[in-house]
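Input: a single structure, listed below in structure tokens.
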Amino acid sequence: MSKDTLEKFSQEKCLKLFYEMLRIRRFEEKSAELYSAGKIRGFLHLYNGEEAIAVGVMEMLRDEDSFIGTYREHGHALARGVSMKSIMAEMYGKVEGCSRGRGGSMHLYDKEKKFYGGNAIVGGHLPLAVGLGLADKMQNRDVVTACFFGDGAVAEGEFHESLNLAALWKLPVLFVCENNFYAMGTQISREESQVDLCAKASSYNVKSVAVDGMDILSVMEETQKAIDYITKNESPYFLEFQTYRFRAHSMFDAELYRDKKEVEEWKKKGPIVRFKKLLEEQKWLDEAKIKEMEKKIATEIQASIEFAENGHWEPISHLTKDVYCEEM
Ligand SMILES: Cc1ncc(C[n+]2csc(CCOP(=O)(O)OP(=O)(O)O)c2C)c(N)n1
Ligand SMILES: [Mg+2]
């Protein structure tokens, strides 16, 4: 993250990016509290520490581009502009939620925003991204599908099948690997014989680049290059963003598999603290501006909670709605 790169972007844009990362962080901190209070149930996976990836990639995607993600997808939805109210209501399980309360935290969805959903099955959505890319190619749409997944998905067969087919059929898919070095409690070196993930993607003839995922400016620069490449060459692209999750895998995780010192070291390289320092050095950001942002974010979060609290449960009469069964 350097001053030279910073100067390629305007102050206004940089403050917006900083705001978006802070907004995701605060939203998720509140979600954790609401989870502990029993307001949000089911699973809850926080993106704390990885915000630069969702914010940076979304900044570069165009409105017509699609994306699909994992269960750790609140940040992507927020950065894309899915309303915070509809996300909170979804996590409460209310019909006003973006998946009508049927999906919860892991299954956010928004057709208008071309967000084809969060997915709970590790690696299960990579073939869906390939399908979206194939549909776009067959219908001559000049768009890209971004597919976000973790390092754990690389161990799944779907990863290999998807990269192979995307390369073979020359599909416009941007594979975005959020490598936080852990799949639940398993460190990557304990499950992969080859930890260089770009080497795996390259073996399918997919152009691949490893990037510091804690540096929002690099995330944006490399995403732009990837989109340009996909569009020009009608071929997929693989970005490995190296990052770290600061909190537990989900709300049920005693974190016995990693050293607290390791977490503290990564926190020093966090996307928000690093960008804050750079912006302050540039005199684009100060405490007063941060205070103002915090206030605005707190108001939006509070409004989303009120919206969710006042939302409605789906009536029992809907139990068989959207359930299809062939007549016997
Ligand atoms: C096919 C499958 N196997 C196992 C699980 C259980 N599981 C849920 S999350 C997860 C870890 C995935 O790690 P990674 O892909 O690195 O993503 P991260 O959680 O680190 O963002 C596992 C094994 C699952 N959901 N699906
Ligand atoms: Mg991981």
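The values are calculated or read from the model by the stated rules, or taken from the named source; none is laboratory data. If you're wondering where the values come from, they're calculated on a predicted model, not measured in any experiment. In this analysis, Cβ positions are derived from the backbone assuming ideal geometry, glycine residues included, and neighbour counts consider all displayed protein chains. Side chains are part of the model used for accessible areas, which takes the heavy atoms of the whole protein and leaves out ligands, DNA and RNA. Shrake-Rupley method; radii C 1.70, N 1.55, O 1.52, S 1.80 Å.
More than 16 Å from ligand 2 (Cβ to nearest atom) and in contact with a Gly (Cβ under 9 Å, 6 or more places away or on another chain): is that true of Lys39 in this structure?
No; evaluated as a whole, the condition is false for this residue.
Does Phe67 fit the bill of being within 27 Å of Lys267 (Cβ to Cβ) and of a type in the set (Phe, Trp, Tyr)? No, not satisfied.
Selection of the stretch 106-122 for residues being closer than 15 Å to Ala54 by Cα and under 12 Å from the mean Cα position of the chain (by Cα) yields Leu108, Phe115, Gly117, Gly118. Under the condition of being within 18 Å of Ala210 (Cα to Cα) and not in a loop (DSSP other than H, G, I, E, B), the residues counted in the stretch 161-186 number 9. Exactly one residue out of Glu294, Glu240, Glu314 is within 30 Å of Val95 (Cβ to Cβ), in contact (Cβ under 8 Å) with a residue 12 or more places away in the chain and open to solvent by less than 90 Å² (accessible area, probe 1.4 Å), and it is Glu314.
Among the candidates Ala166, Ala146, the residue that is more than 10 Å from ligand 2 (Cβ to nearest atom), open to solvent by less than 20 Å² (accessible area, probe 1.4 Å) and more than 25 Å from Glu51 (Cα to Cα) is uniquely Ala166. Going through (1) small (Gly, Ala, Ser); (2) more than 17 Å from Tyr71 (Cβ to Cβ); (3) within 16 Å of ligand 2 (Cβ to nearest atom) one by one, Gly133 falls short only on (3).
Among the listed residues Met60, Met106, identify the single one that is open to solvent by 20 Å² or more (accessible area, probe 1.4 Å), within 14 Å of ligand 1 (Cβ to nearest atom) and hydrophobic (A, V, I, L, M, F, W, C). So that I can check it myself, show each step before the final result.
On the way: Met60 fails: within 14 Å of ligand 1 (Cβ to nearest atom).
Sole residue among the options that is open to solvent by 20 Å² or more (accessible area, probe 1.4 Å), within 14 Å of ligand 1 (Cβ to nearest atom) and hydrophobic (A, V, I, L, M, F, W, C): Met106.
If you go through the stretch 297-311 and pick out every residue that is in contact (Cβ under 8 Å) with a residue 24 or more places away in the chain and either touching an Asp or Glu at 6+ places or on another chain (Cβ under 6 Å) or within 17 Å of Glu90 (Cβ to Cβ) (or both), you end up with 9.
If I filter the stretch 126-141 for residues that are open to solvent by less than 20 Å² (accessible area, probe 1.4 Å) and within 16 Å of ligand 1 (Cβ to nearest atom), do I get at least one hit? So far as the stretch 126-141 goes, yes, one or more of its residues are open to solvent by less than 20 Å² (accessible area, probe 1.4 Å) and within 16 Å of ligand 1 (Cβ to nearest atom). For the stretch 32-51, the tally of residues that are in a helix (DSSP H, G or I) and surrounded by fewer than 21 Cβ atoms within 10 Å (Cβ to Cβ) stands at 5.
Restricting attention to the stretch 182-198, the residues that are open to solvent by 50 Å² or more (accessible area, probe 1.4 Å) and either among the acidic types (Asp, Glu) or within 13 Å of ligand 2 (Cβ to nearest atom) (or both) total 8.
Residues considered: Glu234, Glu255. Of these, the only one that is within 16 Å of ligand 1 (Cβ to nearest atom) and either open to solvent by 30 Å² or more (accessible area, probe 1.4 Å) or over 22 Å from Arg72 (Cβ atoms) (or both) is Glu255. Within the stretch 1-30, the set of residues being free of Cβ contacts under 8 Å to residues at least 12 places away in the same chain and either crowded, with 17+ Cβ neighbours inside 10 Å or in contact with a strand residue (DSSP E or B) (Cβ under 6 Å, 6 or more places away or on another chain) (or both) is empty. Residue pairs whose Cβ atoms lie under 6 Å apart, separated by 6 or more positions or on different chains, with the first residue in the stretch 179-192 and within 10 Å of ligand 1 (Cβ to nearest atom) and the second open to solvent by less than 70 Å² (accessible area, probe 1.4 Å) and in a loop (DSSP other than H, G, I, E, B), are Asn180/Thr243; Asn180/Tyr244; Asn180/Arg245; Met184/His249; Gly185/Tyr257; Ile188/Phe181.
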